[in-house]
Amino acid sequence: MSETTPPRSAPRAGPLGAAVAGLNAAGSVWIIALMLLVCADITMRGLFNAPIAGVPEMVSFSIVGIVFLQLAHTLRSGSLTRSDLLLTYLGRRAPVLKRLALALFNLIGAALLAVALWHFLPSLESAWTRPERNFMGNPGFFQIPTWPLYGLMSIGMAATVVQFCASALAALRGRDA
């Protein structure tokens, strides 16, 4: 943090903050469970020459799910990658323009992710209504249905859209969301 950047205040709690924190916590617990699964697979493979079936599929499934569960928290905590060069300049020269730029950034983010969610929902609907045709993995060896992953992705995208909107409103008010 530079000398000219004030420390970021903690985001205000509330229903959105609790929901975002809950999704983040679920993602963190999922990471721990995944680590235990991988360690168990390595142990079973090394000691008994009997690996756990489907671990690579579960890991690839999990990485995507975890990213979407924790995306809204990443945005809320100010950890989403962005270039702050213009914002730092505006913060020194024109704080009102900085707030407007932040609001615009967040509104564009909300719009883009809402469009992505809108186009993704048919995939979720298909996976839900025809689960017998929507699996990940190797047939006959290990398969996992895609609808839980698609559902988590949709929940994560929706939460992030709402967080983008809350962040835009907070920027216009001159606070953190």
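The values are calculated or read from the model by the stated rules, or taken from the named source; none is laboratory data. What you see is a predicted model, and the numbers here were worked out from it, not measured in a lab. Glycine gets a Cβ as well: all are built from the backbone with ideal geometry, and neighbour counts include every protein chain shown.
The sole residue among GLY151, GLY174, GLY140 that is modelled with pLDDT under 95 and under 26 Å from VAL20 (Cβ atoms) is GLY174. Of all residues in segment 110-137, those satisfying the criterion of being within 16 Å of VAL59 (Cα to Cα) and in contact (Cβ under 8 Å) with a residue 12 or more places away in the chain are MET136, GLY137. Within the set VAL20, VAL67, VAL38, the sole residue that is under 29 Å from TRP147 (Cα atoms), modelled with pLDDT of 95 or more, more than 14 Å from the chain's Cα centre (by Cα) and in a helix (DSSP H, G or I) turns out to be VAL38. If the condition is being assigned to a strand (DSSP E or B) and either aliphatic (A, V, I, L, M) or surrounded by 14 or more Cβ atoms within 10 Å (Cβ to Cβ) (or both), then segment 131-142 contributes PHE135, MET136, GLY137, PHE142.
Among the residues that make up segment 123-130, is at least one of them in a helix (DSSP H, G or I), exposed (fewer than 14 other Cβ atoms within 10 Å of the Cβ) and either on the phi > 0 side of the Ramachandran plot or of a type outside the set (Asp, Glu) (or both)? So far as segment 123-130 goes, yes, one or more of its residues are in a helix (DSSP H, G or I), exposed (fewer than 14 other Cβ atoms within 10 Å of the Cβ) and either on the phi > 0 side of the Ramachandran plot or of a type outside the set (Asp, Glu) (or both). Among the residues of segment 45-79, just one is free of Cβ contacts under 8 Å to residues at least 12 places away in the same chain, surrounded by 13 or more Cβ atoms within 10 Å (Cβ to Cβ) and within 16 Å of ALA21 (Cβ to Cβ), namely THR74.
Do the conditions hold for ARG76, that is, is it closer than 22 Å to MET153 by Cβ and either modelled with pLDDT of 95 or more or touching a strand residue (DSSP E or B) at 6+ places or on another chain (Cβ under 7 Å) (or both)? When the stated conditions are applied, ARG76 passes them. Put simply, of ALA170, ALA166, ALA158 the only residue that is within 21 Å of VAL64 (Cβ to Cβ) and either in a helix (DSSP H, G or I) or among the charged types (D, E, K, R) (or both) is ALA158. One residue is enough: does segment 91-111 have a residue meeting the conditions in contact with a Lys or Arg (Cβ under 6 Å, 6 or more places away or on another chain), surrounded by 13 or more Cβ atoms within 10 Å (Cβ to Cβ) and part of a helix (DSSP H, G or I)? Looking for residues that are in contact with a Lys or Arg (Cβ under 6 Å, 6 or more places away or on another chain), surrounded by 13 or more Cβ atoms within 10 Å (Cβ to Cβ) and part of a helix (DSSP H, G or I), one finds at least one in segment 91-111, hence yes.
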